[in-house]
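Undergrad: So that we are looking at the same thing, I have put the structure below in structure tokens.
No lab work stands behind these numbers, since they all come straight from the coordinates. In this text the structure is predicted, and so the values were computed from the model without any measurement. Note that each Cβ is placed from the backbone with ideal geometry, even for glycine, and that neighbours are counted across all protein chains shown.
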Amino acid sequence: MLYALLKRLTRLLSRLPWTVLRRAALVAAFFFWHLAPARRREAVQAVHKHLKVSDEEAVRIARQSFRENFLSFLEILHVGRFFTAQSVRVVHHPEIKVLLEQETQPIIIVTAHLGSWELMAGLSTDLLPRRKGMVVVRSRRNRALNRLMAELRGACGVEVVDHRRASAIVLPGLRQGSVAAFLADHNAARKEAVFLPFLEDIAAVNMGPAGMALRTKAAVYPVFLLRDGKGGHILHFFPPLYTENLEGSIRERIRAIAAFYTDVVADMVRMYPEQWFWMHRRWKTRPYDDDGHMSSVGAQSQA
């Protein structure tokens, strides 16, 4: 019943012009900013602490991020319609784009909750049309919403994979030449995490993408799709990490891969702070200190 209602609603929304959807997102962000004071404070505190900016600048960045994030939520309606050639006006490091398109290794694309992250599924099929695409996502508790979001994200032809089934599906797919995309800036449970520096603090970084990259000798490409403020997009490519060239123990190599994509995400957040998902409680999982207690470093910012 709920799924049918959600499906009908998304069909109606998807028929609206993007200008109307954009205004709806801005209105929703306005009300959420004012009606969710706890989440607003968390976002402002996180910006202030992790970017080392003034209180006024932290408020400005956090408020703009609310607007950008609500735009991201609605962009899922356009996943099946996104074409790079029509929207991307600037490409940073086009030579890396060419390298990605000609890559012979298994490919893992890492990105973040930054800019138009929901459109990355359409981007992957546009850039790599001859490779099967997989997008690994975290499931929600509501089954109807999970089903609907999987259908919307898969509208461009990619396979949407629940993160709990990633090993069973993504590993064989990569070995057969597929490309897998991950959001690399989730907070992670302790058993899934390696603790690494991230934006002036220590964050629990998901080892999943790193482990799969190592097991399949994949090339790890950081790619980000940012809004240019004029209705188009800026596409950022970064040089890949070739995991087969790494040395050390398995744990050391996994840590090196995770540090690679975590550092790139941090650089991009500093470059486009207004477009990152500051509402997310990124530093929630804390490392233990030398006495075996949960570290309090940065603990006041759980956003």
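Undergrad: Provide the convex hull volume over Cα atoms per residue for the chain, in Å³.
TA: Each residue corresponds to 142 Å³ of Cα convex hull volume.
Undergrad: Using a Debye calculation, one point per C-alpha and no hydration shell, please list log10 I(q)/I(0) for the stretch 89-186 at q = 0.20 Å⁻¹ in order.
TA: Here log10 of I(q) over I(0) equals -1.06.
Undergrad: Suppose a student asked you for the relative contact order of the chain, using Cα pairs under 8 Å spaced at least 6 residues apart; what percent would you report?
TA: For the chain, the relative contact order is 23 percent.
Undergrad: Still on this structure, I have one more. Here is the link list: K7/K191; K7/K284; K49/K191. Which ones come out longer than 30 Å on Cα distance? Spell out each step's value before the answer.
TA: Details: K7/K191 35 Å; K7/K284 33 Å; K49/K191 26 Å.
Distance filter (> 30 Å) returns K7/K191; K7/K284.
Undergrad: Mind giving me the FRET efficiency for K230 and L12? R0 is 30 Å, r the Cβ-Cβ distance, nearest 0.05 is fine.
TA: Between K230 and L12 the formula returns 0.60.
Undergrad: What's the FRET efficiency of R190 with V98 using the Cβ-Cβ distance as r and R₀ = 35 Å, to the nearest 0.05?
TA: That pair, R190 with V98, gives E of 0.30.
Undergrad: Relative contact order for the stretch 26-94: what is it in percent, counting Cα pairs under 8 Å that are at least 6 residues apart? Numbers along the way, then the final one.
TA: Working: 28 pairs, mean separation 21.7, N = 69.
Reported relative contact order: 31 percent.
Undergrad: Also: Is the shape of the stretch 195-279 rounded, prolate or oblate, going by the alpha carbon gyration tensor and its root eigenvalues a ≥ b ≥ c, with a/c under 1.5 for rounded and a/b larger than b/c for prolate?
TA: Judged from the Cα gyration tensor, the stretch 195-279 comes out oblate (a/c at least 1.5, b/c at or above a/b).
Undergrad: Related question: Run the quick spin-label model on M271 and R165: label points 7 Å from Cα toward the beta carbon, then report their separation in nm to one decimal.
TA: 3.5 nm
Undergrad: Follow-up question, since we're still on this one. With an 8 Å Cα cut-off and a minimum separation of 6 or more residues, compute the relative contact order for the stretch 147-303 in percent. Walk me through the intermediate numbers first.
TA: Numbers: 189 pairs, mean separation 33.0, N = 157.
That works out to 21 percent.
Undergrad: How much length is gained on full extension from S249 to R175, taking 0.36 nm per residue of separation minus their Cα-Cα distance?
TA: Values: separation 74, 0.36 × 74 = 26.64 nm, distance 2.19 nm.
Length gained between S249 and R175: 24.4 nm.
Undergrad: Full-extension gain between E151 and E57, please, as 0.36 nm times their residue separation minus the C-alpha to C-alpha distance.
TA: Result for the pair: 30.0 nm of gain on full extension.
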